[in-house]
Structure formats: C-alpha cells, structure tokens
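One structure is given below, encoded as structure tokens.
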C-alpha cells in the first residue's frame, strides 16, 4: 500500500489498517537500519499516527509533532513512501517535519516543547480568520519537562481557541524521563488501571483549563480511533489533553528492550562519539581528586558520554530533563558557591540557554565549563540540529573563554586544566574525533603553530579544519607555496600576541561555523585597517540542511582542493 | 536607624521594627522619586524583607530575589543605607542585587524566573559540601508564568535539597498578571479566607514535592515573623513554598492606587517613550486596514506603547505573560498561517527567545516583525537591562532582516512598509526618540546619505549615533575635513551596493551595540582584504553597568569630540 500515493485510510477496515501498520513498521525498521534515524520513538507512534489520519482531515486539520523525530509514519502516509529510502540523506527527505516538503507538514519542529505554543498560534489564527479546522499537538513525555510546555499550558484559557494535545507517554525521553511531572504522569497511569476512567480527582491539566482524557493504549488502533473520534467532537468548544501510553520501540523486540540505545541510530554505528567518551572518562578522573566537580546534563546523559560519571558520582550528577535554561542557572549557582560544574550539552540545544549563559553564568563570571558537543555540522538531522552557530552566539558574550581542541588529546588537556580556570569556559567539539595530530605544549589563550611557512597563513579551528588546512598546505608546498598553519584553539580571546606578530600578508581563516559573528569575523575585526589580505572559509548565512558531514562541508566550499587552489593562486600576489 | 551600619533587628521589639518599616518606606519613596527606580514592588516588600532578616541569619543563610528589583529594603538593611542616594546612578549602588556590592547579595538577578533554579543550585552546593544554611527564593506572581519556574519545580524532588520559596503574590507583574496560574493563585487565596488554613485539597505545588503553606498577609510584620520562624524548622527536612499576599505600593497612596504606573519610575518622567507611542499608534492605524495584524507582548503592554491597540483590537492582541520563548513560537505559528504578528519586546528580554527566533521564526522564514524596544544602552537598570547585544545575536541568524530607524519618522515608515515584507523582520530602537532628521525616501535594504564628503565616511546606526556623526562631521568640516555621513538603517543585509561604491579610504562605523558580532564587525568582514582603513566605534567586550545613557555612551568613547578628533587626525593620512 505504501508508495507515492496517499493511502485511502478512511475506507479501510480495522484489519486492513492493522496490516498497514505492520507494513509501516517494517518500512521504518528497514530504512532506519540503513540510513540511521530515530527508531524506537517512531515504532511507538505507528498506530497513533494511523488513527489520527483516519479520524482527522489533513491537511485541512493541522498536526504539529513536538521535536518532530516521531513523524516517519506521518511522512509515509502523506505521499513520501516512494522516496523514503532517501530519508536523512543530502537532497532527500528530512527526518523532521518540513513545510518545504509537503502541505501535510504544517510547522517545522526540531527543538523540544514548541508544539503546544505553535498549536495555540494555529488555533488563534484560525479563529481570527474565522476558519474551521482542528489543531493537534503531539508531544512526548520527555518534552513535558520543558518550560515552554508550561508557558503554553498557562495560556490555554486566555487564548480560548480550542486545541487537542496528545501526550504520547512512553516513559522515556532520550534517557528515562526526569522529574516530578513524570512521576505525576506515572501516578495518573497507575490510577487509571485501578478505577473507572471517568471519575478521578482533578488533574493538574484541568487547573490549566484543559479537559483531561486518559489513559489509553496508543498501540491499540481500534481504541485510538474510537477515542479520537470522541475527542474530535469535544474540540468544537474546548481544549483537550489526551493521555496516551505507547511503547517505545513497539513491534521490534531489540528496540522494545533497548529503547535508549535505539532512540537515535546513526548510519553504521550507535556508539558514543570519541569526544563524548573522553569527556566522561576525563571528568571521572578529575572528580576522583577534586570534590568540586559536578556534571550537569539536560536529558542526554548517555550520548554525552556521562553515564559512567553519573553512576560513580550520583551526588555530583544532575540531569534536569530537557531544560537547558534551568541547567545553566543551576550551574551558575553551583559555581558561585565554589563548585566546578560542567554542563554538557549539544551545540544546537545550548541556544535554549543563551540568555542564562549570558546573564547568570557570564555576567557573574561564574566558573562554569560548557562542554559543547556536536558543534559544527552534525549531519543527518538537519537545520535544527547543526551546531554551526555556537561560535557566533558565544563569542559576543563578555567574560567567556571559548576553546576549540584540535583533537581528543588536546580536549583532554583542556579538561584537565579547566578546574583551575576561574572563569566561564566553553569547549566546543564535533561529533567525530578520529584524527590525531602531533602536538606540543598547551597553555590557556595560546595558539599553536602546526607548520611553518612564509607565503601565507592558514588559521584553523578544530580538527576538521586543521586536517583540511594541513592537507591544503602540503599540496601548496608541492607547488612551491609555503603556508604556515595555526591551530586556533582559542576563539576567544584571540591569541592577539601571535596575530600581531604574524608577518604574512595573506591570512586565511577556517572554521566549522557560520561566518557572521564567528571566528573569521573576529580575525577580520582584529585586522580591520591593517592592510592584510584576508579570506574567510566558513559557512554562509543560511540554515544548513541534512546530509553527510563531509558532503555538507564540501557544499560550502571548504575542501582541500578549494583552499589549496586559493593559496596557490593568491599567495604570491 | 538607617545608616551604613547594619541595624540589629534581632534585638528589636515589634514596635521598633514597625517604626523601622516606616523609615524604610520613607527612604524608598524619597530616593525613587529623585533617582527613578522600582517603587511599588519595593513598598510591598518592606515587612516581608524585615521579617526575613529578623528570622534568618544572613549572609550565612542565602536569599535570592527573583528579577531583583524588589531588593531595596534588603539593601537598606545590609549596610547600604548611607549611600542609598546613589541608587541607580553611575558608580553608585545598583537597583538589583550585586555580589560585587555586598556579601549579603549572594546571586545577581535581573531577568525573570531564575530564583528557584538558583536556589536549588545553592542548596545542592550546600549539601555536596556538607555545609549548613538555609536557601530562600523570593519570587513574585508575575514571574510565575515563566517556564523556568516550572522547570525548577519539576526538579525539586529530584534535587532533594530543601529550599524555601516565598511566593510574593501582589497580583501584578508590570501589567496585571496573566494566565491560568494566576487564576489558580487567586483561587487559593479565596479558599484560604473561607476555611481553616490547615486543611484544603492538595495544591499544584504539592504535586511537585513542595510543602505548601499559605496564604498570609506579607505586610503584617508580626504574622510574617511567626510564620517564617515556623517554616524555618520545616526546612531541615523538606522544601516549602510559602504563599504570601503583599500590597504593591503599600503605604504610599498614589502608588497603591496606581501600581502599574509606579512599577518603574524614570528620574523625571514615567511617560511612555516616543518610539513606543509611535509603535502603538502606527500599528493601530495599520490594523484598521489590515486584518492580518496581531500584536503580541510578554507582560509589558503599557511600556511598549500597546495599551490602546489592546483595547481597540482585543481579538488580535496577545499578552502571554513573562514568556518570551512562548511568545516567539506563537508568532511563528500565526505568521505561518498567514497573519502578520508584531512581537514587541525589550532588547534584553528577547535574549530569552533567541532559540525560538532562530528555529521557529527564521528557519521557517515566517513573516514576524520583532519590535525591539530599549535597544542600545538603556541606562539606570544596568547590566541585565542594557540592550547592547541584539545586533550581535540577531545578525548571525539567517533569513532575518534588521532595521534601525534614524528617528521616529523613519520608524513609522518602516512599520507602514512592514506588512508587505514577506520575511522575518527586526526593528530595533532606543528608549529616547526626541531627535528628528531631514530624510528623503525610504526603501527596504537601502541606506541613506545624510551628508556628502570625500575625505572619509561615517556609517552610523540609529538616532544616537547619527546625531553624534553629524555633529562630528560639522566640526571636522570647520577643520577642512569633509565627511560623508550615512544612515545605515539596515544592519542586515548591509547595503552592499553602497558599500562597494564608496570611494573613501577611511571608513568609520558607529553603533549603539557591542562591537563583537555587531554592525561594525559586519562591515569589517565585508571590507576584509580591501585595504580600507576602518575604525569601529562600538561598545567593548564587557557588561555595561548602570548609569545615565549619555554618561555611559561617553564612557565608551563614543563622543562628538573623540570622533571629530579621530577624523581630523586620520582622514588625510
């Protein structure tokens, strides 16, 4: 049934629909095992999504998937089955909802907790325009710890524009869900098993003006169709929250038993990255000697490499759930009180704590270390997950030192030195970490000359760029052009002593970040008016789509060939 | 009693303490009427603060004031009465808690909702270090709509480190408090009047593992001392939320009756600024013709000039409370559905929605207009309220156009043109708006030559800078140096056509923003390698303290004299 046509669900029997669910599940497993992607959350969502499409009228009705990584069934049902094998590949279909891709994707998501706010916006727009359609937010219990959800709840009565919120409760975010709201949801589930579903005491949701209806088995297609049909009637007059239990990884035994391991599957491998591993082991080593060390995460402990640390030092481990802002404030307070917190977080998600990093951490000069993982292009998750902006949004913050190790060896050195660094520190590193460079000494604030050369200078940030720079320099040398290559392991402050002393007329900067506000722009400002000839290799002013890391870096012209060509052409001018 | 010594509260009788409260209240009114500042919130907090100091042992115990503008009594009681007349003046004491100022200020605040997260961090640090003290967060009901508060609540059980949260419920944020949580608090207060305080049904707070105790009259000193003494005992083993009602403006009749007008008092005047007024009237005019216009605020409707709009167009007006992230997502959704939302917000508070502006608004290319008030230096509120970073954190975001009007006339033109601008747009403007410049035509993306001159070019952003640039150019002309002055009314995209055509060797940029990532850095990047001599006038890489706007701008060297001197010295080199 799954091809580029949209299956005519509404005319199918329950048996046919259940057969369709099997087909969907197989397609998802096959594709994710090949292309990587989100497995267990999508397997849990098959019946619920089919039921939504059976009961509601898309694209007239609108459904917004929170975070969005659970949208595979939705995509397969809306004309994208034929090209589903391009999932997450460059130029192929995205692993997240994309308005650019289909009229059935009405709102792009990627970061946690936005779906209810967006649903309220849709419903308000509908009412202002006097239109008539249903608006549905589908949100997992992991996102439920995020403050945006509460801000939206607090608005429901005021907006007075009915929406349906489906709470997809699988008792997991990427790691098991954290916090009192999670315990509360468990309690609601437990109560529902013991008593009549109709009458229980007022839920927290009813306090916010929502009609609460639950708890239902989201993997039972018949049940879901019936329940959604009932709820659809209520939506004429009021907002409803429907509490649904689904099984993460449903229908695929390995995934059911290992939902955490199969949340995100990279093509080929699901192991922790090298940088993450080094973070975890080094921080554990430091913590054994230094009682001030505290590790803080926002629902990503295993993929950040910190599971062992959390097991060894539970009293000094804090996972706040998907609450980056809260995590940053907690870190600031810990640091103000003399501890040394390490907030490990993906580059793209740290954007959520931009204000708190500035106000709470940096304006107080609190010695928090931000361990920024998946910095630079991170690949197949696309626009909302690339880490191509952190050098820009961090370098503008006073008091913050920004380090970019050239490899995991240098990363470890930075970590070992960090407890004595008495100010806010950010260390950013990419997903991959397989390169090793010869390296001499390490000193805070000092860059490192990796190769001498008098014709031009390549100043490069991070292992991907240094690797390209060294290769380009070797090719240029074959052409008689001698390039100096510098490891700019501190983006802020710049090593102004070295910059001032550089004799080269031609300066080339290279970074795994957007040009605007990034490393290159800092060098441009430093050399403004100096008469130097400067060329910046960095990402242009656009959102970077999904695709392979190397494909994308090459798309933006940062290749050995382009750079060696540029050097050979310009260095002697 | 109030001088540079710390009054010995614990040995005073209730009568003496009440007399002290009168003295404190008089001191606050006198000072705020002279220096400007937050009046009504501080008047409401006098007894509660005195009771805290009577019962707890500061600085051993720690108190964190949410937002922090209600800390005047705290400052007066902790050795700062003698210099309280320097409140909010450059070099004087801050209107917010400052660790740099006193050991009694344990954590700096300024933005909403951080106090509970910070208190949990303090309590965790205490328990990790095996220390023994109490941690108290004092938070107003206005902040209670903020998502951070919920994220912190959700952590209370997990942290398992007792804190006291005092909910100072005066039924007002800057405008009356918004949302279901507010209604819920009202309900709790009403219930408490009807029944025995001890037994009522489980509150929302108890669901989060807090012991709820309330509702008490926070302006009754004896009652507060007794209640806090009781609560102090409970804190040995559990976290408590104490719900206290206070009267905003208490003891000063005009303020009691007009708490909204007396929330913030500028020295001299409390009227809306000119830009705000123009925003409100223009948006109302546009909305009369264009049914797509929606105004969105986050608890600041009057000071943003939108009270009339909200009255005229209630169905197209949304105040979400202090929830900038939520507001940004709602705007994105409204825009995606064909409406034209205008999100009016202070520059410093928009930092809270950085991720949502990037992901929800800009990556979807949603035509939302951000009306960014109090941009540039905003004066006496200090570090956490200066708007000196928005050009930096916005210019790095793809798809976003950033406009900076040269005066309110141009601001109005920009607003009139904005409904037809089919992409995200930010317009930033300062607090003051009293200048008028002759101006020709206006076109999106095009700069304007304000004055011709061949010796050098001054490219200036916004009315403060253009005013200084024109004066400097006139002085330079008297010395025989002819300067071109350009109104760079679009920071992004730069007017590259004009930049490419400029014949001047000497280029000077001027902006009311930090240099890093700001306007000057964009020009530096554009001209990198061009051989132009460039000088950037902008704010350095530091947090800008409180003080008068002109005092601060001069402190950073952006004066007519400095610039004319620079021009005269350099233009002919």
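Any read-out appearing in this document is the output of simple, stated calculations on the displayed coordinates, not a laboratory observation. All of these numbers come straight from a predicted model, not from anything done at the bench. Neighbour counts run over all protein chains shown; Cβ positions are idealised from the backbone, glycine included.
Considering only C-alpha atoms, what is the centroid distance from segment B:364-382 to segment A:338-407, in Å?
23
Could you list B:13, B:378, B:40 so that the one with the fewest beta carbons within 10 Å of its beta carbon is first and the one with the most is last?
Fewest-to-most ranking of B:13, B:378, B:40: B:13, B:378, B:40.
Treat each spin label as a single point 7 Å out from the Cα along the C-beta direction, and report the residue B:435 to residue B:186 distance in nm.
Rounded to a tenth, the inter-label distance reads 4.5 nm.
On a 0 to 90° scale, report how tilted helix B:115-129 is relative to the longest principal axis of chain B, with both axes built from alpha carbons and the result rounded to the nearest 10.
On a 0 to 90 degree scale, this one is about 60.
At 0.36 nm per residue, and after removing the present C-alpha to C-alpha distance, how many nm does the segment from residue A:572 to residue A:554 gain when stretched out fully?
Here the answer is 3.9 nm.
Stick to Cα atoms and the Kirkwood definition of Rh, then tell me Rg/Rh for segment A:274-428. Don't skip to the end; give the middle numbers.
Details: Rg = 13.9 Å, Rh = 15.1 Å.
With Rh from the inverse mean 1/r over Cα pairs, Rg/Rh is 0.92.
Once a ≥ b ≥ c are taken as the square roots of the eigenvalues of the Cα gyration tensor of segment B:39-139, is the result rounded (a/c under 1.5), prolate (a/b larger than b/c) or oblate (a/b not larger than b/c)? Could you put the intermediate results ahead of the total?
On the way: a/c = 1.67, a/b = 1.61, b/c = 1.04.
Prolate, because a/c is 1.5 or more and a/b exceeds b/c.
Just checking the output field for A:381-391: average partner chain Cβ neighbours within 10 Å of each residue's Cβ? Numbers along the way, then the final one.
Details: counts 0, 1, 5, 5, 0, 0, 0, 2, 6, 0, 2.
For peptide A:381-391, the averaged partner shielding equals 2.
Using only Cα atoms, what Kirkwood radius does segment B:11-93 have, in angstroms?
After inverting the pairwise mean of 1/r, the radius is 13.2 Å.
What is the ratio of the Cα radius of gyration of segment A:14-259 to 2.2 N^0.38 Å, with N the residue count, to two decimals?
Ratio of Rg to 2.2 N^0.38 Å for segment A:14-259: 0.96.
Per DSSP helix of 4 or more residues, -39500 (n - 2.57); summed, then divided by the residues of chain B. What does that give at 222 nm, rounded to the nearest 500? Before the final figure, lay out the partial values.
Numbers: 21 runs with 213 residues, N = 573.
So the helix-based figure for chain B works out to -11000 deg cm²/dmol.
Could you check the simple spin-label distance between residue B:254 and residue B:478, using points 7 Å along Cα→Cβ, in nm with one decimal?
Here the modelled spin labels are 4.2 nm apart.
Can you tell me the FRET efficiency between residue B:157 and residue A:226 if r is taken as the Cβ-Cβ distance and R0 is 30 Å, rounded to the nearest 0.05?
Plugging the Cβ-Cβ distance into 1/(1 + (r/R0)^6) gives 0.25.
How big is Rg to Rh over chain A, alpha-carbon atoms, Rh as the Kirkwood inverse-mean-distance radius? Present the calculation step by step, with values, prior to reporting the outcome.
Details: Rg = 25.5 Å, Rh = 25.2 Å.
Computed over Cα atoms, the ratio is 1.01.
Just to confirm the number: angle between the C-alpha axis of helix B:221-234 and the first principal axis of chain B, 0 to 90 degrees, nearest 10?
That helix lies at roughly 80 degrees to the long axis.
Against the empirical 2.2 N^0.38 Å scaling, what ratio does the C-alpha Rg of segment B:381-459 come to? Display every interim value, and only then the final one.
Values: Rg = 14.5 Å, N = 79, 2.2 N^0.38 = 11.6 Å.
Output field value: 1.25.
Taking the Cβ of each residue in A:323, B:525, A:71, A:21 as the centre, tally the other Cβ atoms inside 10 Å and list the residues starting with the fewest.
A:21, B:525, A:71, A:323
By how many degrees, between 0 and 90 and to the nearest 10, does the Cα long axis of helix A:14-35 differ from the longest principal axis of chain A?
Result, in degrees: 10.
Rounded to the nearest 5, what % of the DSSP beta bridges within segment A:274-428 are antiparallel ones?
Beta bridges within segment A:274-428, antiparallel portion: roughly 5 percent.
Compute the Rg/Rh shape ratio of segment A:62-118: radius of gyration over Kirkwood radius, all on alpha-carbon atoms.
0.95
D for the protein assembly as shown, whole µm²/s, Stokes-Einstein with Kirkwood Rh over alpha-carbon pairs at 4 °C and 1.567 mPa s: what number? The partial results should precede the final answer.
Details: Rh = 30.5 Å.
For the chosen part, D equals 42 µm²/s.
What's the center-to-center distance, using Cα atoms, between segment A:474-520 and segment B:28-87 in Å?
51
List, largest first, the extents of the alpha carbons of segment A:479-524 along their principal axes, each in whole Å.
Result, largest extent first: 33, 23, 17 Å.
For residue B:254, go 7 angstrom from Cα along the Cα-to-Cβ vector, then report the distances to that same point in the other copies in nm, smallest first.
Ordered by distance, the counterparts are at 7.5 nm.
How high is the relative contact order of chain A, given as a whole-number percent (alpha carbon pairs under 8 Å, six or more residues apart)? Kindly include the intermediate steps, with their values, before the conclusion.
Numbers: 1199 pairs, mean separation 67.0, N = 573.
The normalised contact order for chain A reaches 12 percent.
Defining a contact as two alpha carbons under 8 Å apart and six or more residues distant in sequence, what relative contact order in percent does segment B:507-561 show?
It rounds to 38 percent for segment B:507-561.
For segment A:337-402, compute the orientation-averaged projected area of the C-alpha convex hull (one quarter of its surface), in nm².
Its Cα hull, projected and averaged over all orientations, spans 4.3 nm².
Just to verify a number: FRET efficiency for residue B:315 and residue B:261, C-beta to C-beta distance, R0 = 25 Å, to 0.05?
Plugging the Cβ-Cβ distance into 1/(1 + (r/R0)^6) gives 0.40.
Could you compute Rg(Cα) / (2.2 N^0.38 Å) for segment A:448-570, with N its residue count? Present the calculation step by step, with values, prior to reporting the outcome.
On the way: Rg = 13.6 Å, N = 123, 2.2 N^0.38 = 13.7 Å.
Dividing the Cα radius of gyration by 2.2 N^0.38 Å gives 0.99.
If contacts are Cα pairs under 8 angstrom and at least 6 residues apart, what is the relative contact order of segment A:43-180 in percent?
About 25 percent, as a whole number.
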